[in-house]
1. Would you list Leu54, Leu9 from fewest to most Cβ contacts within 10 Å?
2. How about the stretch 16-78: which chymotrypsin sites (Phe, Trp or Tyr not before Pro) there lie in a loop by DSSP and see at most 16 other Cβ atoms within 10 Å?
3. Measure nothing fancy, just the Cα-based angle from helix 45-57's long axis to the longest principal axis of the chain, in degrees from 0 to 90, nearest 10.
4. Within the stretch 30-59, find all residues whose amide N lies under 12 Å from a label point positioned 7 Å from the Cα of His17 along Cα-to-beta-carbon.
5. Summing +1 for each Lys or Arg and -1 for each Asp or Glu, what net charge is found among the other residues whose Cβ lies under 10 Å from the Cβ of Tyr6?
6. In units of 2.2 N^0.38 Å, what is the alpha-carbon radius of gyration of the chain?
7. Within the stretch 15-31, name every residue whose backbone N is under 14 Å away from a label modeled 7 Å from Cα of Arg78 along the Cβ vector.
8. Rank these for me by crowding, Ser53, Ser41, Ser13, Ser33, going from fewest to most other beta carbons within 10 Å.
Amino acid sequence: MTMQRYRNLSGDSGVTHYAIGEDFIEVKFTGKSTVYIYSNSVNGEHHVERMKSLAISGRGLCTYITKHKEVKNYYNKR
């Protein structure tokens with residue numbers, strides 16, 4: 001899956017890239033080689049859909065991940 005560059009409209013996001021799948025989102029953070037996978041089955045569809053929306057808009061994704069423990073503390077790695 002090809003990752004898209006995160007637009008980072010705020011200018012200070014910790015997210016650099018993302019990829020969207022049907023029931024998941026993959027996120028790459030600044031300074032990390034690991035890709036973090038957030039899925040409907042682990043994080044809940046409402047969180048994943050919100051994260052997809054924020055990724056596409058280019059603003060708020062890192063903040064959302066950090067503020068929601070259901071997302072921040074639960075993920076898979078690739």
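Each reported figure results from applying straightforward, stated rules to the coordinates on display, with no laboratory input. The model shown is predicted, which means the values in this text are computed figures rather than measured ones. Please note: Cβ atoms are built from the backbone with ideal geometry, for glycine as well, and neighbour counts cover all protein chains shown.
1. Details: Leu54 20, Leu9 10.
Going from least to most buried by this count: Leu9, Leu54.
2. Working: sites: Tyr18, Phe24, Phe29, Tyr36, Tyr38, Tyr64, Tyr74, Tyr75; in loops: Tyr74, Tyr75.
Answer in residue order: Tyr74.
3. Compared with the principal axis, the helix lies near 10 degrees.
4. Hits in the stretch 30-59 for His17 at 12 Å: 30-36.
5. Values: positive: Arg5, Arg7, Lys28, Arg59; negative: none.
So the surrounding residues net to +4.
6. 0.95
7. The answer is 17-29, whose backbone nitrogens lie closer than 14 Å to the label point.
8. Values: Ser53 14, Ser41 10, Ser13 18, Ser33 6.
In increasing order of surrounding Cβ atoms, one gets Ser33, Ser41, Ser53, Ser13.
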